[in-house]
Amino acid sequence: MSSRKQNKNTANKLQKTVSSLLFYIFQGKFTKEEKDILDAAIDKFISENYDCSREDAITKLISKRGNAPSILTLIGKKVLPDRHSRSVYSYYRRHLLSHKAGKWSDYELLILLKSFFLSGSYEGNSWKTVSRLLNRSPEQVHDKFREIKPYIQNYRTLVTDPNLSDSDKVSKIATINRIPPGNDDEDTEGVSRVSDINEHQQEIYDYIRELMLRNRRRESIENIPWSKVQEKFPGYSTSKLRIHFNMSLLPKVYRKVYPEFSGKLVSRLTIRWIRKLLKRPNSDMIRSLKDIDFKSKFPMLPVIYTTHCTRRALSKIIRKYQIYASRSQRLFIDCELSASDVEELKKINPKNLGTLSSSDTVSLR
């Protein structure tokens, strides 16, 4: 090999290494300041170049052809030069594009199963194809596939039967999904069922505690290795395990250790804080609960749980005081907070998993 070609190969390897390192350094969670900068830049570009809804414009801007980056990525790189382009693109795809959320319907499950059995495997752009069909994110599709993967082959006969219409297949899938664990049916032969995740709360809790005790650097819910947890409990997707932990298991642990803890207490705290934020000069930047940095104020609680408690409380208040819904000061009429409530939440270890990583275990049964 000539020295020139060898130098070129070395330079290419070095460039890839530097690119990977930059991606590693700047791929973390976006700060509120970064989000504000991106939103402002996007809004400005859309107002100057598009005469359509923001969502339609974003859909057009994020699409790309070939290896060239999308226009949205170029905008992000311009205003946030320290961020890697892949990091910017991932942020846009996760946060700016609206995807269907919530429980999967039987029809959606049929589409996923048909896609798998027609292709024989899931490689390349398979997640993106199903994502476009169902208007769900590729991550959602991937998680759902991992959830059903242990028993997916048992659906093959049903899904590939040419004598059944799609409506018949959906009906039979619905029947399968309603059958309790341990029951057999001629239409569900060989289909293994996944038991209720609540039955495994203690095991999940103990395993996460074990991971925390093994590595003290993971004393934060941001650092739980969910892929490892999912390997331990293959019947559930990483998203289901993560959501169940944040929304049910961790609050249950807190209630065991701190009896006064409750979702109502959390919502009263957050609403009082939001009232203060809305009085600040830059309050016009707050468009929804997503624009509020709950993590900085309540580091001991998962953001998804804090947001859920707040949204639920606000909905109840609005329903209760519909006549005064347009007067924001009346929305918070029953949400005054005592000093004892504030102190109660302060008792919780600010390192979210302080309870999990301690030497004392908590019985959830």
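Miscellaneous remarks
- If you filter the stretch 295-326 down to residues that are at pLDDT 80 or above and of a type in the set (F, W, Y), you find that the one that is farthest from L250 (Cα to Cα) is F298.
Okay, residues lined up against (1) touching a strand residue (DSSP E or B) at 6+ places or on another chain (Cβ under 9 Å); (2) modelled with pLDDT under 55; (3) of a type in the set (G, A, S):
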| position | (1), (2), (3) |
| --- | --- |
| V257 | no, no, no |
| W273 | no, no, no |
| P281 | no, no, no |
| D293 | no, no, no |
| S328 | no, yes, yes |
| D334 | no, yes, no |
| N352 | no, yes, no |
| S357 | no, yes, yes |
| T361 | no, no, no |
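- Neighbours by Cβ (under 7 Å, 6+ apart or cross-chain): first from the stretch 291-302, within 19 Å of R268 (Cβ to Cβ) and assigned by TED's automatic domain parsing to the domain that holds S267; second among the aromatic types (F, W, Y) and modelled with pLDDT of 80 or more: K297/W273
- Of the residues making up the stretch 257-270, those that are within 26 Å of the chain's Cα centre (by Cα), surrounded by fewer than 20 Cβ atoms within 10 Å (Cβ to Cβ) and touching a residue at least 12 places away in the same chain (Cβ under 8 Å) are G263, K264, L265.
The values are calculated or read from the model by the stated rules, or taken from the named source; none is laboratory data. Because the structure is a prediction, the values reported are computed rather than measured. Glycine also receives a Cβ, built like all others from the backbone with ideal geometry; neighbour counts cover every protein chain displayed.
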